[in-house]
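Since the structure comes first, as structure tokens, the remarks are kept for the end.
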Amino acid sequence: MTAIRGAAAITGAASGIGRALAIALAQRGCDLALADRDEAGLKSLAAEIGATRKVSLHRVDVGEADDIAQFASEATAAHPALGIVVNNAGVALMGSFEEIDQAQMDWLFDINFWGVVHGTRAFLPHLQTLAEAHIVNLSSIFGIIAPPGQSAYAAAKFAVRGFSESVRHELAVAGSPVRLSVVHPGGVATAIARNSRTGIGVTDNARRAQSIERFENAAKTAPKDAALRIIKGIEKNEPRILIGNDARFMDLLQRFRPGTYWAPLQRKLERMAKGT
């Protein structure tokens with residue numbers, strides 16, 4: 001069982017799950033190294049946490065490997081007992097495969113996948129020196145199922161899952177003190193859909209508005225509840241952390257129908273949209 005103590009580093013900390021996780025960890029006695037591109041959001045978060053914990057703020061673009069390396073160096077210098085790393089930052093991209101170009105796909109992968117890889121690589125040498133430590137990598141339920149219109153996002157989140165599971169097995173075989181959990185949230189009430197980019201081939205603005213509305217209607221889990229579920233997963237050394245009843249249902253469905261889950265899932269989503 002991993003103890004929640006020392007300090008934690010969190011990317012994408014200014015909003016959503018990252019912000020809720022920072023607050024929840026601070027309440028449990030963790031000092032914090034908080035990273036985001038949104039400096040105003042970080043300052044607001046630090047003010048909310050208050051002076052009870054040591055908090056360092058770091059402007060980081062996780063799409064830039066050098067930014068992450070500098071973050072790891074500064075964070076571990078400021079918090080020598082830093083034993084939890086949460087690679088949480090992520091973005092979304094709306095559009096089918098034919099509606100997004102390669103530059104947009106590269107942009108998403110740089111943040112959602114390579115950001116996780118670079119974050120894991122940057123912090124791992126420090127974590128290996130501790131008696132116990134934990135890495136938390138954010139995938140998605142779309143790292144377990146892959147709906148239409150999510151080709152880039154699902155590809156990156158499946159990649160996070162595969163990378164994280166392989167590294168976890170490597171750490172276990174090596175007898176490392178570092179544990180690793182991969183998180184698969186379902187619909188969490190954050191601004192990720194509203195802040196998403198749109199594929200260059202998407203010309204229907206109404207479709208974007210409808211997609212945002214569908215997401216926000218389906219996002220039943222509060223960020224605070226997602227954060228508490230992640231903390232429980234850290235404490236229990238859970239290799240896979242599913243968040244929300246929707247994530248648990250979709251995970252179960254794809255186990256029973258691994259190649260044909262989309263048709264029954266689409267029917268269920270259509271019924272939900274109609275309120276039936």
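Numbers below:
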quantity	calculated
Elements of type strands (runs of 3 or more DSSP E) contained in segment 1-106, each with 2 or more residues being of a type outside the set (D, E, K, R) and farther than 30 Å from Ala155 by Cβ	55-59, 82-87
Criterion (among the hydrophobic types (A, V, I, L, M, F, W, C), touching a residue at least 60 places away in the same chain (Cβ under 8 Å), buried (at least 20 other Cβ atoms within 10 Å of the Cβ) and touching a Pro at 6+ places or on another chain (Cβ under 6 Å)) met by exactly one of Ile10, Ile17	Ile17
Test: residue in segment 100-117 that is among the β-branched types (Val, Ile, Thr), surrounded by fewer than 21 Cβ atoms within 10 Å (Cβ to Cβ) and within 27 Å of Ala3 (Cα to Cα)	yes
Matching residues in segment 126-147 - criterion: being out of contact with any Ser or Thr (no Cβ under 7 Å at 6 or more places or on another chain) and surrounded by fewer than 20 Cβ atoms within 10 Å (Cβ to Cβ)	Thr129, Leu130, Ala131, Ala146, Pro147
Failed item, numbered, when Arg53 is tested on (1) under 22 Å from Val167 (Cβ atoms); (2) in contact with a Leu (Cβ under 8 Å, 6 or more places away or on another chain)	(1)
Residue that is in a strand (DSSP E or B), hydrophobic (A, V, I, L, M, F, W, C), closer than 22 Å to Ala9 by Cβ and in contact (Cβ under 8 Å) with a residue 24 or more places away in the chain, where the choices are Val160, Val117, Val183	Val183
Qualifying residue in segment 14-24 (condition: in contact with a strand residue (DSSP E or B) (Cβ under 7 Å, 6 or more places away or on another chain) and among the charged types (D, E, K, R))	no
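Bear in mind that the values in this text are calculations on the coordinates, not laboratory data. Here the structure is a predicted model, which means the values were calculated and not measured. As a convention, Cβ positions derive from the backbone with ideal geometry for all residues, glycine included, and neighbour counts pool all protein chains shown.
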